[in-house]
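Everything below concerns the one structure shown next.
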Amino acid sequence: MASTRDYRLLCLENPLLDIQAVGDEALLEKYSLKANDAILAEEKHQGIFEDLLTNYDAKLIAGGAAQNTARGAQYILPPNSVVYLGGVGDDKYAAILHDAVKQAGLRVEYRVDPKEATGRCGVVITGHNRSMCTELGAANHYDLEHLKKPEIWALVENAEVYYVGGYHFTVCPPAIMELAKQAAANNKPFILSLSAPFIAQFFKDPLDASAPYWDYVIGNETEAAAYAESHSLGTTDVKVIAKALANLPKENTQRKRVAIITQGTEPTLVAVQGEDEVREFPVHEISKEQINDTNGAGDAFAGGFASGIVEGKSIEESVHRGQWLARLSIQELGPSYPFPKQTYQPSA
Ligand code: 26A
């Protein structure tokens, strides 16, 4: 039986199976992909999944950005701490996802769509870049009806922290808003990831509608830049953008908004609403040879960070957890974490 101290973190987004391979320029060119990007698959991308599997020795790895984050947070937190919601099909790819989350100790409550295939993400690795092309499939059919089922909504009410991946703005903004409002009404933290540049560019309206509810907003430097451009902030200075995010109007005034911007190997920036200084936290460096691939580094950071928020830790400690987990994840293949588990060492 789950106790009420269980499932303190509830996450929502798009469960996907990553079809990941080391590619080359020719492959990127064939599908008009940028070396480092995340996009939704169009007609012209349809062949990429077969191509990766047949010609590039692709591996099948559990993905979906916020599902990676949820597995990451559970990696650090005590058993039964995290529950994740999203939509899958009833197929062999969903079975692979079930295996992966089981190993991670992550509870999932999927909306299973018998007519749609589980979502796939083609990941082309070139050097330390990764290009992602997603066919959402069943993930695109997540709906409010699932979220509002009594047994699911009970998990929502029980949770103490909410984490939503911004990629879900392409799927079901009303579900995001339900969680956002639930958080504000009960003074619980709501964490949003900006996810990818195209979200701020092409899903600006639903993103902006949720903004007053963000207690923590997490992104990387390219997402921050895309936000600044689509919102005509008139700057490319990441610190200024972080401050602008932190100081957007806020619904729940009992918590100051915190904006966290990661910058790869450059320091992580943290801006707090109403504060002048933007703090910098240098990353935990590893040698280039130790890096396997950086796919999922940002998700891992968010997972570590969220685990700190769940346990009421300081911003410093939460950032430290994020950096610790990101460092572990980039040494694995894809958005994964090492098993047997490494034990988290709090910062001194
Ligand atoms: C809606 N889109 C495009 C997406 C994604 C996504 N997760 C949810 N929705 N596109 C890529 N990803 C995931 O990002 C992870 C790396 O950060 C991939 O599945 C990959 O595991």
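Calculated mean residue ellipticity at 222 nm for the chain: -10500 deg cm²/dmol, from DSSP H runs with n ≥ 4 weighted as -39500 (n - 2.57), summed, divided by the residue count and rounded to 500. The length gained by stretching the chain between residue 128 and residue 236 to full extension, at 0.36 nm per residue less their Cα-Cα distance, is 36.5 nm.
Fewest to most neighbouring Cβ within 10 Å: what's the order for 167, 213? Ranked by crowding around the Cβ, least crowded first: 213, 167.
Over the chain, what is the relative contact order in percent, taking alpha-carbon pairs closer than 8 angstrom and at least six residues apart? Walk me through the numbers before you get to the answer.
Details: 774 pairs, mean separation 59.0, N = 348.
Computed over the chain, the figure is 17 percent.
Available extension along the chain between residue 205 and residue 109 is 31.8 nm, counting 0.36 nm per residue and deducting the alpha carbon span. Remark: the Cα gyration tensor places region 108-256 in the oblate category, a/c being 1.5 or greater and a/b not exceeding b/c.
Once you divide the Cα radius of gyration of the chain by 2.2 N^0.38 Å, the number left is 0.91. In the chain, the DSSP beta bridges split such that about 35 percent are antiparallel, to the nearest 5.
Counting only DSSP beta bridges with both residues in region 25-177, tell me the antiparallel percent, nearest 5. Intermediate results must be reported in sequence, preceding the final value.
On the way: 7 of 18 bridges.
If I count the DSSP bridges inside region 25-177, around 40 percent turn out antiparallel.
Quick one: which of 40-49, 72-81, 97-106 comes out on top by average Cβ neighbours within 10 Å, and what's the full order, highest first?
Values: 40-49: 14.9, 72-81: 21.9, 97-106: 17.8.
Put in order of decreasing packing, that is 72-81, 97-106, 40-49.
Its Cα gyration tensor gives region 211-266 an equivalent ellipsoid; the semi-axes, largest first and in whole Å, are 20, 13, 8. By DSSP, what percent of the beta bridges with both residues in region 1-96 are antiparallel, rounded to the nearest 5? Rounded to the nearest five, the antiparallel share is 55 percent. Entry note: region 152-236 has Rg to Rh equal to 1.00, where both radii use alpha-carbon atoms and Rh is the Kirkwood radius.
Write down the Kirkwood hydrodynamic radius of region 109-151, to one decimal in angstroms, obtained as one divided by the mean of 1/r over all alpha carbon pairs. Don't jump to the answer; show the numbers that get you there.
On the way: mean 1/r = 0.0810 Å⁻¹.
Its Kirkwood hydrodynamic radius stands at 12.4 Å.
Just so you know, all these numbers are worked out from the coordinates, no wet-lab data involved. Nothing here was measured: the structure is a model prediction, and the numbers come from that model. Counting neighbours? That spans all protein chains shown, and the Cβs are built from the backbone with ideal geometry, glycine included.
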